[in-house]
Ligand code: B3K
Ligand code: ZN
């Protein structure tokens, strides 16, 4: 498979003025009739060929301006020779046959529980009909759907319907990847929204009959998102209808198709009894994310797939802003940084590292990564910090004004900021082109009231990029005096050189620095800091992120010493944490985050970066001892915490109540290590919401108990797919390292293990690699099992198989035995006959 390169970009040979599609739906044999009105692109000369993408299509007939065409498609499409095409607008019509029932890859038109649905991003439209399936070809679509199913949906507004058919028109020119069609026996949870300019919009969330009572939270999130985008970005919705459909079989979270978002049902359906607080928070974020794409992604789309971060980084940034406004900004920032480090720093550290704007790919679906999304969002955050809030708002207005209706590039985006602010962003652009996480080393000195911070940035090599240039790094800094008062409020230092120092005058005593406040840049901060200083910042820092970070760093230092030297957790950390745990002036959600111990994968990454070879079993054992010591130290306080945090009255999904539940469950987890599970058993039985039911069960499983509760849970929830996904995942996530692989084997033999359903597959096979010590068990059983399942899934669903193969990306951290076993599994995958381009690319990159 040959790579596609950014440098090879050519504008399309032809533009499309309009598309009409007719679908005669049938599970095994759907007919798709298309009429595409082409016009030569004035930006291209010399009568170039017109290439239409098409895969797995049985061509019935084709015609050009009504005259039958004898064309022979090849494996990936068909070419209409330029010399044979009119030098003026013309219509290409075709009729093709496709088989949605046989489509297990869940890309293109497929079926899920008797319902038809589509997924076209990135290149699924070519599995529906012949078309220039590239995002820089934008056109208005008309769609006619013929089917006996009661609900027939497509993009835009419904313009006509009758028994067995419906017609839709989307007036907004869009690329084919935003096309969508749904047909099924569905019911709607409906509401209305009036935009700022007075347009009324019908809102519908379409679900399977029986699920309509589970849509209220998603609808509420949608309405809040619509309002927020008007208030904060001045962006209104632009159609008469906004439809969301929940689908059980879906490769990812959701899809922003114009006016017809299609969602994995886990990001729509929620009741207090079935969804946890984390589920509610994710529903809110994903609903917002897809809605926000209407402007950042749909009205302004990407010129080509190398520009993916143009829409994804910006839209993630916007959904993060929204969630911080709806919830606690401090807690949201901490959670986002935890995810960034766990997924993106990990990616940047291994063989899959790539720039936020990659320069080549084999399969574009492999580039919907933490780097493009989460690091992409960090770049927007840095840009905003560098230019200031007011200039950011002006630049965004200019971006919407200048590029509405266009397929744009990162250059366009940065030019908007340069024009709006007069700033040169040439150096900033390196963040888009160079992969890897910069290391920021800091040292300081104090003389005669002058305090100097000295920074050095190191940009480590990544695959294909041995040498890097210095980046512009916004470093938000504050200074505290020794009694804990802030003597310098947050100030953004702009680092542009490899080495740079900043001096602060007129200080009475040596200050304690709080560096990289709010995590102002996606870098690894390296600074020798004493436990006392960390404890001081945990107690006094006014920046909530750095306050948490100080506790985190303290815990990681302790855990690292325990793993490498077998030490016991010292009183510094225990006392500092005990104070936070009972400090009623702090948000319970923050206290819960402070009590969460560093994850095992995170520790392995940290130890590896510090020059050690991480031993997963030792990390697991040390973390257990650490939790045990914390439980012992906090024992006198835990009972009261659990009592006082109990929420009286009906369940509320809002952040305040969720934070209290999170702290209460953190305390329950610790108490369970002291009381043998008595309180967790009682909490499980008393639970009236899924957060506490599953939380209490996890506490029991963590100490090797909970078998009876697992049985009760299964009996209660056997009919609920989303809840049963939790039942599967929990047992694997909390299995002892030596039992993890066996647990997976047992559960994959369970009759409810429907491995063709991506959610269920992820809840079992994904949970395997999320259990660090279990997956990396010295026997290699975890590696073998994962490879077995990837090889089995690949022919059916290459996208999901490829995504889950990233469990192997951390190979280089471990000892020679483990590395050898991982390599053997990658080789076994690569030797599989008929391996997909998706999994082949991933395994190949990880092999080298
Ligand atoms: N744009 C989609 C992701 C499509 C993934 C294709 N493999 C969802 C989102 O980011 O909003
Ligand atoms: Zn997105």
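The values are calculated or read from the model by the stated rules, or taken from the named source; none is laboratory data. Given the structure is predicted, the values throughout are model-derived calculations rather than measurements. Please note: Cβ atoms are built from the backbone with ideal geometry, for glycine as well, and neighbour counts cover all protein chains shown.
Can you tell me how many residues in the stretch 624-650 are outside any helix (DSSP H, G or I) and under 19 Å from residue 587 (Cα atoms)?
So in the stretch 624-650, the residues outside any helix (DSSP H, G or I) come out as 646-650.
When the remaining residues are screened for being under 19 Å from residue 587 (Cα atoms), the result is 646-648.
Residues meeting the conditions: 3.
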Legend entry - Number of positions in the stretch 251-277 that are away from ligand 2 (no atom under 14 Å from the Cβ) and touching a helix residue (DSSP H, G or I) at 6+ places or on another chain (Cβ under 8 Å): 12
Legend entry - Residue identified as under 17 Å from residue 6 (Cβ atoms) and either away from ligand 2 (no atom under 16 Å from the Cβ) or in contact (Cβ under 8 Å) with a residue 12 or more places away in the chain (or both) among 347, 360: 360
Inset, instruction - Pick out the one residue from 143, 201, 245, 182 that is part of a strand (DSSP E or B) and under 30 Å from residue 41 (Cα atoms). - result: 143
Inset, instruction - Tell me, please, whether a residue that is surrounded by fewer than 16 Cβ atoms within 10 Å (Cβ to Cβ) and closer than 18 Å to residue 273 by Cβ can be found in the stretch 686-698. - result: yes
Inset, instruction - Pick out the one residue from 399, 392 that is surrounded by 20 or more Cβ atoms within 10 Å (Cβ to Cβ), assigned to a helix (DSSP H, G or I) and away from ligand 2 (no atom under 16 Å from the Cβ). - result: 399
Inset, instruction - Among the numbered conditions (1) under 25 Å from residue 545 (Cβ atoms); (2) surrounded by fewer than 20 Cβ atoms within 10 Å (Cβ to Cβ), tell me where residue 455 comes up short. - result: (2)
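Residues of the stretch 252-299 being in a loop (DSSP other than H, G, I, E, B), under 30 Å from residue 698 (Cα atoms) and either within 15 Å of ligand 1 (Cβ to nearest atom) or within 16 Å of the chain's Cα centre (by Cα) (or both), which ones?
To start, the set of residues in the stretch 252-299 that are in a loop (DSSP other than H, G, I, E, B) comprises 252-253, 256-259, 268-276, 293-295, 297-299.
With under 30 Å from residue 698 (Cα atoms) added as a condition, the list becomes 252-253, 268-276.
Residues satisfying the conditions are 252, 253, 268.
Out of 130, 125, which single residue is more than 16 Å from ligand 2 (Cβ to nearest atom), within 14 Å of residue 32 (Cα to Cα) and touching a helix residue (DSSP H, G or I) at 6+ places or on another chain (Cβ under 7 Å)? First the steps, then the outcome.
Numbers: 130 fails: touching a helix residue (DSSP H, G or I) at 6+ places or on another chain (Cβ under 7 Å).
Step by step, each of 130, 125 is checked, and only 125 is more than 16 Å from ligand 2 (Cβ to nearest atom), within 14 Å of residue 32 (Cα to Cα) and touching a helix residue (DSSP H, G or I) at 6+ places or on another chain (Cβ under 7 Å).
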Inset, instruction - May I ask you to verify whether residue 572 is closer than 19 Å to residue 527 by Cβ and surrounded by fewer than 18 Cβ atoms within 10 Å (Cβ to Cβ)? - result: yes
Legend entry - Residue that is farthest from the chain's Cα centre (by Cα) [pool: residues in the stretch 575-598 that are farther than 16 Å from residue 550 by Cα and in contact (Cβ under 8 Å) with a residue 24 or more places away in the chain]: 582
Legend entry - Test result for residue 218, touching a helix residue (DSSP H, G or I) at 6+ places or on another chain (Cβ under 6 Å) and in contact (Cβ under 8 Å) with a residue 60 or more places away in the chain: yes
Inset, instruction - Take the stretch 149-170 and flag every residue that is surrounded by fewer than 23 Cβ atoms within 10 Å (Cβ to Cβ), over 19 Å from residue 291 (Cβ atoms) and touching a strand residue (DSSP E or B) at 6+ places or on another chain (Cβ under 9 Å). - result: 149, 150, 151, 158, 159, 160, 161, 164, 165, 166, 167, 169
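Residues of the stretch 278-301 being in contact with a strand residue (DSSP E or B) (Cβ under 6 Å, 6 or more places away or on another chain) and either on the phi > 0 side of the Ramachandran plot or within 11 Å of ligand 2 (Cβ to nearest atom) (or both), which ones?
Going residue by residue through the stretch 278-301, those that are in contact with a strand residue (DSSP E or B) (Cβ under 6 Å, 6 or more places away or on another chain) are 286, 290, 300-301.
Of everything in the stretch 278-301, those that are in contact with a strand residue (DSSP E or B) (Cβ under 6 Å, 6 or more places away or on another chain) and either on the phi > 0 side of the Ramachandran plot or within 11 Å of ligand 2 (Cβ to nearest atom) (or both) turn out to be 286, 290.
Name the residue that is surrounded by the most Cβ atoms within 10 Å (Cβ to Cβ), counting only residues in the stretch 27-58 that are in contact with a helix residue (DSSP H, G or I) (Cβ under 6 Å, 6 or more places away or on another chain) and either under 24 Å from residue 118 (Cβ atoms) or in contact (Cβ under 8 Å) with a residue 40 or more places away in the chain (or both). Please lay out each step first, then the result.
Pass one, the stretch 27-58, residues in contact with a helix residue (DSSP H, G or I) (Cβ under 6 Å, 6 or more places away or on another chain): 27-28, 30, 47-49, 53-56.
The next check asks that each one be either under 24 Å from residue 118 (Cβ atoms) or in contact (Cβ under 8 Å) with a residue 40 or more places away in the chain (or both); those that pass are 27-28, 30, 47, 53-56.
Details: 27: 12, 28: 11, 30: 21, 47: 15, 53: 19, 54: 23, 55: 18, 56: 15.
So the residue we want is 54.
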Legend entry - Filtered residue count, the stretch 104-121, keeping only those that are in a loop (DSSP other than H, G, I, E, B) and more than 16 Å from ligand 1 (Cβ to nearest atom): 2
Inset, instruction - Please tell me if residue 481 is free of Cβ contacts under 8 Å to residues at least 40 places away in the same chain and more than 32 Å from the chain's Cα centre (by Cα). - result: yes
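Okay, residues lined up against (1) closer than 24 Å to residue 374 by Cβ; (2) in the same structural domain as residue 371 (by TED's automatic domain parsing); (3) part of a strand (DSSP E or B):
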residue: 476; (1), (2), (3): yes, no, yes
residue: 494; (1), (2), (3): yes, no, yes
residue: 501; (1), (2), (3): no, no, yes
residue: 518; (1), (2), (3): yes, no, no
Inset, instruction - For the stretch 12-26, indicate whether the set of residues that are in a loop (DSSP other than H, G, I, E, B), in contact with a helix residue (DSSP H, G or I) (Cβ under 8 Å, 6 or more places away or on another chain) and over 27 Å from residue 168 (Cα atoms) is non-empty. - result: yes
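Answer yes if at least one residue in the stretch 350-359 is assigned to a helix (DSSP H, G or I), modelled with pLDDT of 95 or more and either crowded, with 23+ Cβ neighbours inside 10 Å or within 15 Å of ligand 1 (Cβ to nearest atom) (or both), and no otherwise.
Scanning the stretch 350-359, I find no residue that is assigned to a helix (DSSP H, G or I), modelled with pLDDT of 95 or more and either crowded, with 23+ Cβ neighbours inside 10 Å or within 15 Å of ligand 1 (Cβ to nearest atom) (or both), so the answer is no.
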Inset, instruction - Kindly establish whether residue 730 is in contact (Cβ under 8 Å) with a residue 24 or more places away in the chain, in contact with a helix residue (DSSP H, G or I) (Cβ under 9 Å, 6 or more places away or on another chain), farther than 16 Å from residue 620 by Cα and not assigned by TED's automatic domain parsing to the domain that holds residue 113. - result: yes
Inset, instruction - Determine whether the stretch 324-346 contains at least one residue that is modelled with pLDDT of 95 or more, out of contact with any helix residue (DSSP H, G or I) (no Cβ under 8 Å at 6 or more places or on another chain) and within 15 Å of ligand 1 (Cβ to nearest atom). - result: no
Inset, instruction - Collect the residues in the stretch 366-380 that are more than 15 Å from residue 2 (Cα to Cα) and either not in a loop (DSSP other than H, G, I, E, B) or not assigned by TED's automatic domain parsing to the domain that holds residue 410 (or both), keeping them in residue-number order. - result: 367, 370, 371, 372, 373, 374, 375, 376, 377, 378, 379, 380
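Counting only residues that are in contact (Cβ under 8 Å) with a residue 24 or more places away in the chain and assigned to a loop (DSSP other than H, G, I, E, B), which one in the stretch 427-457 is farthest from residue 369 (Cα to Cα)? Can you show your working first?
The initial filter retains those residues of the stretch 427-457 that are in contact (Cβ under 8 Å) with a residue 24 or more places away in the chain, namely 427-428, 430-444, 446, 449-457.
In the following step, the residues that additionally are assigned to a loop (DSSP other than H, G, I, E, B) were identified as 427-428, 434-438, 449.
On the way: 427: 24, 428: 21, 434: 15, 435: 13, 436: 14, 437: 15, 438: 19, 449: 47 Å.
Across the stretch 427-457, the extreme among qualifying residues is 449.
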Inset, instruction - Might you let me know whether the stretch 711-719 holds any residue that is surrounded by 23 or more Cβ atoms within 10 Å (Cβ to Cβ) and either outside the structural domain of residue 781 (by TED's automatic domain parsing) or more than 22 Å from residue 775 (Cα to Cα) (or both)? - result: no
